[in-house]
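Here the structure is laid out as structure tokens; the discussion comes afterwards.
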Amino acid sequence: PTLEESELESRLHLMTMLILSRGRLSRIITELDLYPEESQEMTREEVISLMRGHIRVEPVLPELEVTDDRRRQVDFEINTFRLFFRSESADTAAAVANRLANDFIDEHLRERVQVSSDTSEFIEAELDRLSTRIAEVEARIAAVKDENSGRLPEDLQTNQRLLERAIESLRQVLDDIVGVFD
């Protein structure tokens, strides 16, 4: 399904906010020992703000843009993005970018597991509800069958056999009565 442009921007904004959250950036600064000199002169918020300025997140658009209509459709089918971190050290840039990407992937997987769990719980609840409803309907059907025993469509053949036997017995009795008067 395609997304409206505003939904796309909102989705990218949410991904970026997740990646650039204060807690995540603060943890990375500490664990990778980033900005040691700046941390002595600046508050933690200022260092985090500095780090945010070195990060760029942009969507990855598919390259199958054939026509304007197709381009519009493809542009809104974003499910990947690029994450850049600018640093004087290539190793540091790679380490931070990989860490942010891995953190985001882990968070995304946690969300997917939660959604799957919620879906599973919903399906189980619906299954229980429907099982209860089926049991209620089956109980009502059984009650109707008990109340109408012998008058149900499935009793037709049995009723016809009983009727045929009764008619045969009546003929037999009539023949016996006629035989008595002869």
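The values are calculated or read from the model by the stated rules, or taken from the named source; none is laboratory data. Keep in mind that what you see is a predicted model, and the values were worked out from it rather than measured. Cβ sites come from the backbone with ideal geometry, for glycine too, and all protein chains shown count toward neighbours. When the accessible area is computed, the model is the full protein with side chains, heavy atoms only, and any ligands, DNA or RNA have been set aside. Shrake-Rupley method; radii C 1.70, N 1.55, O 1.52, S 1.80 Å.
Observations, loosely collected:
- Protection proxy ranking for 49-56, 94-101, using the average of other Cβ atoms within 10 Å per residue and placing the highest first: 94-101, 49-56.
- The listed residues Phe181, Phe81, Phe122 rank as Phe181, Phe122, Phe81 when sorted by accessible area, largest first, using a 1.4 Å probe.
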